[in-house]
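Below: the structure, in structure tokens.
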Amino acid sequence: MNLVRHISSLGRQARSKAELKVRQPLAKVEVILADTTHQDWLEAHAGVIAEELNVKLVEYSDEPDKYVEHEVLPNFKLLGPKLGKLLPKVKQALNQASGAELLANLRDNGKINICVDGQDVELLPEEIEVRIKAREGWAAANAKGVVVVLATELTPELLAEGLARDLVRAIQDLRKELNCDFTDRIEIGIVSESSELCSAIEQHRDTLAEETLAKSVLLEKLSGIDPTTVKIGDHEAQITVRVVQ
């Protein structure tokens, strides 16, 4: 489970870099492992990773260059005493080499071998630093031999689901303000000038009802109740909630 937590943490870092809210569903995550020893176990627990990262699909790849560009740098603190004056030339050699090929060498052999000034130099995993830049359409984070890449394209369907999840959160907050018991059933009325938000409500009405214990979710104001104005993404809505006796 430590590896699952590590992947989840990297996925959240990638979300943060791309400024994608946690409640916004994404199409998929690609996980790239330097050591694939535990990949079968991870695949069997894909549902946990999908839930943690709020993605529809979890996939594994051994082609990181499809998603990210790699830059391999020497760990100056460790390699300074080891390489001495040769260190600047090792840095230059790493810069000129393909980052993907260097990492493939590391994955297959557990080390990177390069030739500098006629000398064979062996670099261990802890003696290098890998920096990545996600290609267009992806957000990435990496550490400890794991690269996690999130698809950042937001389809209308994904956006609608994200709005519905934000609505659930807003309605749950209103339940708390009304001091609803955990089992109290409610009625919900939502009014918005946003056609996008109204469409999301229509598409996910059943989910909204199930998640908030609502007997009905209406696109109109409930009579006799003062509405609460909330911000759902970039959209504004007035919500009325009534506890069903």
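The values are calculated or read from the model by the stated rules, or taken from the named source; none is laboratory data. All of these numbers come straight from a predicted model, not from anything done at the bench. When we count neighbours, we look across all protein chains shown, and the Cβ atoms used for this are built from the backbone with ideal geometry, even at glycine.
Scanning region 169-202 for residues that are under 14 Å from ILE239 (Cα atoms), free of Cβ contacts under 8 Å to residues at least 40 places away in the same chain and either crowded, with 17+ Cβ neighbours inside 10 Å or touching a helix residue (DSSP H, G or I) at 6+ places or on another chain (Cβ under 8 Å) (or both) yields CYS198, ILE201. Does LEU159 satisfy being under 24 Å from THR212 (Cβ atoms), touching an Asp or Glu at 6+ places or on another chain (Cβ under 8 Å) and modelled with pLDDT of 95 or more? Yes. Please enumerate the residues belonging to region 53-86 that are in a helix (DSSP H, G or I) and surrounded by fewer than 18 Cβ atoms within 10 Å (Cβ to Cβ). Matches in region 53-86: ASP65, LYS66, PHE76, LYS77, LEU78, GLY80, PRO81, LYS82, GLY84, LYS85, LEU86.
Based on what the data block shows, is SER16 in a helix (DSSP H, G or I) and touching an Asp or Glu at 6+ places or on another chain (Cβ under 7 Å)? No: the conditions fail for SER16. Restricting ASN142, ASN113 to those that are among the polar types (S, T, N, Q), outside the structural domain of ILE201 (by TED's automatic domain parsing) and buried (at least 18 other Cβ atoms within 10 Å of the Cβ) reduces the list to ASN142. Has region 194-215 got at least one residue that is in a loop (DSSP other than H, G, I, E, B) and polar (S, T, N, Q)? Yes, region 194-215 has at least one match.
Which ranges mark the strands (runs of 3 or more DSSP E) fully within region 93-165 that have 1 or more residues being touching a His at 6+ places or on another chain (Cβ under 9 Å) and aliphatic (A, V, I, L, M)?
Where strands (runs of 3 or more DSSP E) fall fully within region 93-165 and carry at least 1 residues being touching a His at 6+ places or on another chain (Cβ under 9 Å) and aliphatic (A, V, I, L, M), they are 128-134, 138-143, 146-151.
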